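Values in this text are rule-based calculations from the coordinates and carry no lab data. Keep in mind that this is a model prediction, so the values were computed, not measured. Positions of Cβ are generated from backbone atoms using ideal geometry, with glycine treated the same way; all protein chains shown enter the neighbour counts.
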Amino acid sequence: MEHVDRCVVLVDAGYLLGAAASLLAGEPARSRITVDHAALIQGLRERAEADTAQPLLRIYWFDGAPDRVPQPEHRRLRVMPRVTVRLGALTRSDGRWAQKGVDAAMHAELTELARNRACSDVVLVTGDGDLLPGLMSAKEHGVAVHLWAVQAADGDYNQSEDLVAEADERRVLDRTWITRAVRAKDLTGICAPPPAPRPEIAAILSAPLPESALAASAERAAEAAAAAAAAAAANGGVDAPADPSAAPDENGLNGVNGAPAAPQHGVKGVPTPKDLAGLRGPGGHAPAAPAGGATLRWSSDRGWVDRPGGPLGEPAETASLPTLAQLTSAEQRWADREEDITTVGGDPFEVGQVFARRWMERLPEQSHVQRLAGMYPRVPHRIDGELLRYAARFGLLAHKDDQIDEHDRYAIRAGFWREIDVRAAAEHAPAPEQTRGPA
């Protein structure tokens, strides 16, 4: 029985993407790179067919996943033509993630392909010496083995020397080839161009406490002092232990539910009556005290902003904003999942854009966009939680202790606000004047 004249590619994704991250970002963490999987698969196919001079039968993609559950990138890959995904387990030990079963699965696939004479050439993209017995077995069955390496960041080998010695042909995927489908993330700041100046943000951050809130906090401080004096008297004149959470911090805020400490002159962040008279909010007016009812306090670097409360203490203006889930039909949910798998690349900034775009397109009232735009830079809690849960579908939680990386969170929200700003600006833009024709 003769071999079929075609080639097969076996990819160790941990090696390929880890080595690419080392080359482009200086460390092997896959979270440091963004991968265009469609371009990567197409590049592997073209390179394999050119090197082996045989048509491609199939690309096998071997990777690890927690509990062997396919991640978003695996779901995108396995619906691509001529791609088969094989998953091993991804386990955490001593604070590090490790693949289990990937090498064994590659070895089994390689030997089975060779034994069944399913191909004449096999391309291996791996560096692990554990695959050496499978490589030798394939050669004994008459299969030509091509070993591909990713260019090492330090110019040295990043493959087993025994594996290199046994291969029939060797190639290096250099930086030029890798960067056609892989790029390093820019983690120096938010992964987005700086937004346009928002003068209202400075007003929000500099807004002082309303006089009513200052009076209430002073009353609470007096009550606490009286209670402490009573406790000291009950202890025979010995002062009661101080509650560190009640001591004001450098901004004049204590640690009890973020409540303001008693007003003190000269304490940073606590406005005096003169400050209250001099500071102005948006439009040049002094900030008004809440109209009563429950309030929700929004913390900032420079003070507090009291907002009217709705149900469960949620601000009224956010309580009226529908979530994406409320706006999405069953048919749209199916279409969204298909788009996520086949089109959305999973870059954090892009994920935020996609979420915002879908939310805005399905709004029954476009006035919601302007209302949300006025809340910048704080994404309402309900929408923010839904946004981050959506981002988790794209593997942004993987390898990070089930938490989204801080830089990724900034990028997700930056993408979200960029889409909101573009739509809000377009709705506020003056309509172009119609040019009159000849009279």
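So here's what we get for this one:
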item: Cβ-defined net charge surrounding R82, 13 Å radius [Lys, Arg +1; Asp, Glu -1]; result: +2
item: Total formal charge among the other residues, if their Cβ is under 10 angstrom from that of F62, Lys/Arg +1 and Asp/Glu -1; result: -3
item: The stretch 321-428, dipole about Cα centre (Lys/Arg Cβ +1, Asp/Glu Cβ -1), debye to the nearest 20; result: 320
item: Separation in nanometres of the label points that stand 7 Å from Cα toward Cβ, at R378 and H141; result: 6.3
item: Lys, Arg +1 and Asp, Glu -1 on Cβ, resulting dipole of the stretch 7-184 about Cα centre, debye, nearest 20; result: 840
item: Computed FRET value (nearest 0.05) for A39 with E338, which takes r as the C-beta separation and R₀ as 22 Å; result: 0.65
item: Around L113: net Lys/Arg minus Asp/Glu count, Cβ-Cβ under 12 Å; result: +1
item: Extension gain (nm, one decimal) between E361 and K100, 0.36 nm per residue minus Cα-Cα; result: 89.6 nm
